[in-house]
Amino acid sequence: MTMPLSEAGLAVERHWRELAGRRRLYTIGGLLFLFVALSGSLWFANDSNAGKFFDRLPHFFDFTDQMIPRDGLEVGRALFDLPSPYDDGSLKFDYPEGRMYLFGPVYVPEYVYKMIETINIALVSTIIGFAIGFLLCFLAASNLVTQRWLRFFVRRFLEILRAFPEIVIAGFFLAILSMGAIPAIIAVSLHTIGALGKLFFEVVENADMKADEGLRAVGGNWPERVWFGIVPQVMPNFLSYALLRLEINVRASTIIGAVGGGGIGEALRLSISRNHEAKTIAIIILLFCTIVTVDQLSAWLRKKLVGEQAFAFGRGE
Amino acid sequence: MTTLSMTDRRAIGDRHPELLAGSWRKRLIGWAVGVGIVAYLAFAWWFFSVGAVLAAGNWGIAGTYLADWVSHEVRPQIDFRDDRLDVSYPRFSSYRADRHPEWLSFGEPVATAAAPAANKTSAGSVTARIGRRDTIEITPSNVVVTRGTETLAVAVVPEKSISVEGELPAWATQKAPGEKITVDFGFAGSAQIDADDVKIRHRFLGWENFFFDANSPFWGMSFSQVTGLMVSDERIDPKMSNLALAWDNVVNNAEWQHGDVWLKLAQTIVMAFVGTLFASLLAFPLAFMAARNITRNRLVNQVTKRFFDFLRSVDMLIWALFFTRAFGPGPIAGIAAIFFTDTGTFGKLYSEAIENIDDKQREGMRSVGASPASVQRYGVVPQVLPVLVSQSLYFWESNTRSATIIGAVGAGGIGLKLWEAMRTNSDWENVAYMVLLILIVVFIFDNISTALRHRLIGKKASD
């Protein structure tokens, strides 16, 4: 049984119906748009791919079959550069060739050395990016810099560094410096400056300004205000972001390595394309373990620095 | 409130110096960290032999590469013949035997001279004006270069020898007497004088043949000429209208490859879009399994979470190489790589968001006897959905950038094209063009994603 509504009640009901209807319309329209965009994209992707999705799918695991080494121990031999019983002089089984001798019989296995190289690329880039991003971020913060043009300039500069494709910077310096790790370091560093600079100035803008006011009251100049008023507050967050960036940079330097920046990425690309199963699996295991270790270490350090505060959101580029 | 006077403060400082001096341990740690970082950077300098690599770098060419981004060179070549000069241009240049740049002027060839090859023009003398003041005057027997107030006169015996009268100015170089002379005009270009020919490279700002290449009937026309032809009824190609022909010529421009670049850019966009969308769709139900407060089974939680970690930790590069082998090069490989990596990332982020929800709404739903599915639908989803969508949008934008890079290893999209253009070392203007397109796309997506996120979760929280 429904009670008859008063004039005002009817108006409210009509309004509510309108709102609900519009909301439904938006939802359906949005989903429809998404669906059309998705089907169009899928068709386009499938059409322009070298192998068609449904043709290739039954053969998907053919490739995986090729990735199984002759015996399980081969992976260990590839990882630690031990001689293989199947050695036929080809590149596939030349594990001991890659040994990096330190002194006497002590050597670092090839892939471990390359992994160390990649980690060092990431670490150096993070340090450089942190240092320069640290210097720039205070100039972009609206609570510290009153000149609009300066803030505008620094922010656009950071934005360009962030959006500029790393691969182009790497490619440019590869053309000048030839193959090696330094183009990768330059590319990842420049990107890190942009990414960290942005996160940093947002932290600075959220800082408590009371310390700064106190310093200003006693006549502190700008560098003193920043150094004694702001830096102690924001340093834990800065370090936490830098650690997060280190995780991303380990991955980034692997990828840059694959396109000519040296390190483990290059080794992986070569061994996959040459069908060296044992080497490929050895590298994947090494890479996986390294990334897990770096992630865990950084998560642990970050927890010590800023407690349980969630930073997952800022982890993109 | 009691406050310390300065005298009190000093007195306390005298009695308990450790309170005001600051912790020496902290200061020591600060110094140790600083020294450690410096030592590490020194180690890295040695490890990567930075000094040697930087010194061995070909820095001279860096300026040329950078200039190529925004400018182009016109390179006429003037060959010495016994009694005349033959002027020619490289293939694909905007100029040819019947079309010369206005900064080159010619003297009449002697009447007895033999006819030149079809792609060359004969002249008795050639004068090239480089910039406002500098000139190169060429006759079959000598070359006079004027730069500012200084002049360089080179006597030429065609195809035999060149000799300089007097000292070389600072802007000209010659390795040994008799060898070729290189004249430098700074950004405006350079010229190379040899016994056989003079090669002039004159640099201009701007991109060359951006719309029509040398094979197009519209090539070399001014804007008004092209628009005039477009609207006229007289067809250049009887098969299609002039407008369609012009469009076809632009898309198939051999130097800029607009059509291919746009296709590859679209692939990159599609890779990021589909990969991110599928990852969100799969991660959504899995996140409910991984969340402690929804699925009360520690084993299921742990298995799902470790699965996410696995997907995330096998790097996007590995997935990209793997799927390129499985599906062949192209965007499907890229989609699959982004899908796998981001399912892991989203699963982790989503399950953390779900674990942090307010439990009261679920209790309310349960207290009125709702089915388990309804409890999740009305008790959990409304709380987390804006956050989850916002996170997906954030990654959509950043994946557009990642898709560029994994493209370079064969996973489709503009990455490979970019990489190839860079490897040839001569197409830096094409690199600049593609970078510009990528920056525009990233900028647009950044703004769309930020605007949507602001609408979803409010301005403050999304920053």
Treating only Lys and Arg (+1) and Asp and Glu (-1) as charged, each at its beta carbon, one finds that the range A:196-241 has a dipole about its Cα centre, in Debye to the nearest 20, of 60 debye
Shape descriptor, chain B: equivalent ellipsoid semi-axes (Cα gyration tensor, sqrt 5λ, whole Å, largest first) stand at 64, 37, 20
Rounded to the nearest 10, the angle in degrees between the Cα long axis of helix B:331-355 and the longest principal axis of the Cα atoms of chain B comes to 30 degrees
Here the averaged projected area of the range B:241-372, based on the convex hull of its alpha-carbon atoms and given in nm², is 13.2 nm²
Taking Rh as the Kirkwood radius computed over alpha-carbon pairs of the protein assembly as shown and applying Stokes-Einstein at 25 °C with viscosity 0.890 mPa s, one gets a diffusion coefficient in µm² s⁻¹ of 78 µm²/s
For B:69-75, A:246-252, ranked highest to lowest by mean beta-carbon neighbours within 10 Å, the order is A:246-252, B:69-75
The orientation-averaged projected area of the Cα convex hull of the range A:110-315, in nm², is 12.8 nm²
Descending packing, highest mean Cβ count within 10 Å first, for B:258-266, B:350-358 is B:350-358, B:258-266
Rounded to the nearest 10, the angle in degrees between the Cα long axis of helix B:6-15 and the longest principal axis of the Cα atoms of chain B comes to 80 degrees
Count of lysine pairs, chain B, Cα-Cα under 15 Å, sep. 8 or more residues or interchain, comes to 5
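Just order B:187-200, A:292-305, B:228-241 by mean Cβ neighbour count inside 10 Å, highest at the front, would you?
Values: B:187-200: 19.1, A:292-305: 14.9, B:228-241: 11.1.
Packing proxy ranking, top to bottom: B:187-200, A:292-305, B:228-241.
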Summing -39500 (n - 2.57) over every DSSP H run of at least 4 in chain B, dividing by its residue total and rounding to the nearest 500, the 222 nm mean residue ellipticity is -17500 deg cm²/dmol
Counting other chain Cβ atoms within 10 Å of each Cβ in B:38-51 and taking the mean gives 3
Per 10 angstrom bin, beginning at 0 and ending with the bin that holds the maximum distance, the Cα pairs of the range B:71-205 fall in percents of 12, 46, 34, 8, 0
Averaged over residues of A:174-184, the number of beta carbons from other chains lying within 10 Å of each residue's Cβ is 5
If each part is reduced to its alpha-carbon centroid, the range B:133-179 and the range B:398-420 end up apart, in Å, by 48 Å
Correct semi-axes for the range A:56-113, from √(5λ) of the alpha-carbon gyration tensor and rounded to whole Å with the largest first, are 29, 12, 9
Note to self, chain A gives a 222 nm [θ] from helices alone (DSSP H runs n ≥ 4, -39500 (n - 2.57) apiece, / all residues, nearest 500) of -23500 deg cm²/dmol
Note to self: C-alpha centroids of the range B:45-76 and the range A:142-220 sit apart, in Å, by 24 Å
For the range B:169-272, the Cα gyration tensor yields equivalent-ellipsoid semi-axes (√(5λ), largest first, whole Å) of 41, 21, 12
Mean per-residue count of partner chain Cβ within 10 Å for A:33-44 equals 3
Taking a straight Cα-to-Cα line shorter than 19 Å from A:Lys92, and setting aside same-chain aspartates and glutamates fewer than 8 residues away, one finds A:Asp65, A:Asp71, A:Glu74, A:Asp81, A:Glu110, A:Glu266, A:Glu277
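Coordinate-derived values only; no laboratory data. What you see is a predicted model; the values in this text were computed from it and never measured. Note that we place each Cβ from the backbone using ideal geometry, even for glycine, and neighbour counts take in every protein chain shown.
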